[in-house]
1. I need a count of the residues in the range 22-68 that are closer than 17 Å to GLN79 by Cβ and buried (at least 19 other Cβ atoms within 10 Å of the Cβ).
2. Answer yes or no as to whether ARG21 is in a loop (DSSP other than H, G, I, E, B), within 10 Å of the chain's Cα centre (by Cα) and either at pLDDT 95 or above or closer than 13 Å to LEU59 by Cα (or both).
3. Write out, first by first residue and then by second, each pair whose Cβ atoms fall under 6 Å of each other, whose residues are 6+ apart or on separate chains, and whose first residue, in the range 6-33, is without any contact (Cβ under 8 Å) to a residue 24 or more places away in the chain while the second is among the aliphatic types (A, V, I, L, M).
4. Take TYR64 and decide whether it is aromatic (Phe, Trp, Tyr) and in contact (Cβ under 8 Å) with a residue 40 or more places away in the chain.
5. For the range 78-91, which positions are surrounded by fewer than 11 Cβ atoms within 10 Å (Cβ to Cβ) and of a type in the set (Lys, Arg)?
Amino acid sequence: MSAVPITAVVPLFTEPDNTIRVSGTRVLLDTIVIAFQEGATAEEIAQQFPSVALADVYLIIAHYLKHTSEIDAYLARRQTEAAALQRKIEQRANPMGIRARLLARRGSGRRSG
């Protein structure tokens, strides 16, 4: 009888900027975990991200369930970083009133005939 493997490698890797992705894809750990937290099944997640095998989705969800506090802390850091980046971008290009400016620009380009 041949031996059955009893361990599995979680298919995740960390980018130099500390972003965690699914190995061999551009899919973020964030997207898999958030979809799971929102009630998506492993099958639904695999359908949303065809580059991620169903078995890998299950491994990632199991990893999340075993390391919930660490991964939740990682996700919280990512959200904080995203909010800081958004504030920085908005300071450079204030989005307030952009719709009105674009509509005014579009209106001034029309000629009456």
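1. Residues in the range 22-68 being closer than 17 Å to GLN79 by Cβ and buried (at least 19 other Cβ atoms within 10 Å of the Cβ): 4 in total.
2. No.
3. THR14/ILE20; ARG21/LEU28
4. Here the answer is no, as TYR64 does not meet what is asked.
5. Across the range 78-91, the qualifying residues are ARG87, LYS88.
The values are calculated or read from the model by the stated rules, or taken from the named source; none is laboratory data. Computed from a predicted structure; not experimentally measured. Don't worry about glycine lacking a Cβ; one is built from the backbone with ideal geometry, like all the others, and counts go over all protein chains shown.
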